[in-house]
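Chemist: Just passing along the structure, written as structure tokens.
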Amino acid sequence: MMWQDLLIALALVLVIEGVFPFINPQGMKRALLVIAQLSDPQLRFAGITSMLLGLGLLYIIH
């Protein structure tokens, strides 16, 4: 059952990530240009923040 849950979570991530470029492709292009101009430490900070928020949300939900 654990592998099935992991695959479901992965599928949901793909669906959620696909919504923004589907709804607003020009906005997605602009966002990617801004992201490409960020420094490595800024990207790392955004990544760790996203991971911690996700872990916090999982903790609250579970």
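The values are calculated or read from the model by the stated rules, or taken from the named source; none is laboratory data. Remember, predicted model here, so these are calculated numbers, not experimental data. With ideal geometry, Cβ positions are generated from the backbone for all residues, glycine too; neighbour counts draw on all protein chains shown.
Chemist: Looking at the chain, what helices (runs of 4 or more DSSP H) fall wholly within it and have at least 1 residues that are of a type in the set (Ser, Thr, Tyr) and free of Cβ contacts under 8 Å to residues at least 12 places away in the same chain?
Modeler: The qualifying helices (runs of 4 or more DSSP H) are 40-61.
Chemist: Okay, moving on. Does the range 33-44 include one or more residues that are surrounded by 10 or more Cβ atoms within 10 Å (Cβ to Cβ), hydroxyl-bearing (Ser, Thr, Tyr), modelled with pLDDT of 95 or more and out of contact with any Asp or Glu (no Cβ under 8 Å at 6 or more places or on another chain)?
Modeler: No, the range 33-44 has no match at all.
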